[in-house]
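This report concerns only the one structure given below.
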Amino acid sequence: MHFSYIITHAAITNRLLFKLTFSLLIMLSFSLTTIPLLAQSDEDIPTYNLIEGQLFTWESQSRPPTNAVSPLKKLTVLVLDENSDDSYDLLITRTYADKTRKVQQVHLTPQGQATKLHDIDTSPWFCIPFPELSPEPEWEISTYPKGLWHKKTFSRQFVSIGRRATAEAIVGNISFIYNEIFGGQDRIQWQLNPKTNVPTNITFLQTAHLRAYGKLKLTSTQKAPAPLLNLVKRHIRQYNKYHYSVLDITKLAQSSHPAAIRKKQLDKKQILRTIATYEFSSEIHDLYKQADDILLKLKVLSKRSNFVNITAPPFSLKDIDDLKTYNLQDNKGKVVLLYFWLKNRKECLYYIPSIEKLAKEYQDKPFIVLGMNVDEDPHNAIQTNSVLKPSFISLQAFPITKTYNLLGYPAFVLIDQNGTIKEHFHGTSPAIYSRLDRQIKQLFTQPDDK
């Protein structure tokens, strides 16, 4: 009996130990599986692993078609800075077959979201050397720079690099708002180095708006010597200071532009004299040329038009849908902005968001914007408006282009409450919005001359 008690007690004890051990094992296995899974999900987020001073060069490996207009021949990236948030500041140079170059400063996040430091271009752009990364097999990113969206759809794939070998690649389909108007899209494939995610090959599968064809291959990865890197960074800091001072001129009154422009051009000449010839000096010079472009456009704007302080020629025009007729005379007592544009000048489309902004800012005032489309075929404006969806009225203005003495597009004509032209200019410049905004404010604050 004593023996059976011992057996029974031992059996119960064993069962309890088994349950306890089983419970502990479950808890332990839960802990061991949960913690690594969380850590693994963090590790799975792909990032770029760049180093300050790295210099990458990709070169074209294929002959472009005969009808190609100066395709991309070489692409170089210098990593200027590795920031505390693991982002990077880059100097990117695109060299084309006709030996022209485009130099751009770019801020790149660890996952590849790129921002241009000085957005001088009116054309949409994305960071060609580095696709945007994601742990997902497919992902999409839409952005709205200055009101003109672009959408990027990426997918992670394995591509053949030989008879039996494959490599990981990202394929991106990039669509701009222009694609809906003009058709086409850009499709790029990036074959990645699995350790750094830096592309070893960049293949342009389809190009609609890029001057690029075929395949670019990573031909060189170097490390810039510290003295050279420091020199480049010093010159770029100097340029950035100069660039911001140029932008300040765009905020000045019209009469102040010529003297300020001349002073800036003299400043630039003096600065460039101090920059000796070295490996990246030509890129620094190219940056100053971009700032020169702003000054050149300001010069065009600063020229006094002979078509101001006269009564605006009357007109009677139909809207682009051919439904209603609009007369300029019906807007007496209002400030009227006429925006002359045509579909095939992308710069015209680029300024539509700025015109929209003015229309909304003064919507509570006696102010009206009339979009003056100068295409001979109104269907061009109908298609464009169906994509951009401007809030202002668009008229068929081709018949009055000579009447309003237009020399180029986009063109801007501002008419005061008494029907007198106060602004008459054309061109593209960062100063256009501030110039129109300043003049409209003056028309609403000055005494009414009746």
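No value in this document is a laboratory result; all are computed from the given coordinates. This is a predicted model, so every value here is computed, not measured. Cβ: placed from backbone, ideal geometry, glycine included. Neighbour counts: every protein chain shown.
Side notes on the structure shown:
- Crossing angle, helix 281-302 versus the chain [Cα axis fit, 0-90 degrees, rounded to tens]: 40
- Relative to the dominant Cα principal axis of the chain, helix 226-249 is inclined by about 40°.
- Helix-only CD estimate at 222 nm, as mean residue ellipticity for the chain, using -39500 (n - 2.57) per DSSP H run (n ≥ 4): -11500 deg cm²/dmol
- Note on residue 271 and residue 289: the extension gain reaches 5.2 nm, defined as 0.36 nm multiplied by sequence separation minus the Cα-Cα distance.
- Rough spin-label spacing in nm, given labels placed 7 Å along Cα→Cβ, for residue 115 and residue 86: 1.8
- Alpha carbon centroid spacing (whole Å) that separates the range 403-450 from the range 198-256: 35
- In the chain, a dipole from Cβ-located charges (positive for Lys and Arg, negative for Asp and Glu) runs towards its positive end, and of 266, 214, 306 it is 266 whose Cα lies farthest in that direction.
- 0 to 90° range, to nearest 10: angle between helix 352-361 axis and the chain longest Cα axis: 80
- Three-way shape label, the range 393-450, alpha-carbon gyration tensor, a/c 1.5: oblate
- Taking Cα centre as origin and charging only the Cβ of basic (Lys, Arg, +1) and acidic (Asp, Glu, -1) residues, the dipole magnitude of the chain rounds to 1260 debye.
- Dipole of the chain [Lys/Arg +1, Asp/Glu -1 at C-beta], most positive-end residue of 285, 204, 130: 285
- Placing +1 on each Lys and Arg Cβ and -1 on each Asp and Glu Cβ, with no other charges, gives the range 341-450 a dipole about its Cα centre of roughly 180 debye.
- For the chain: rounded, prolate or oblate by the Cα gyration tensor [a/c cutoff 1.5]: prolate
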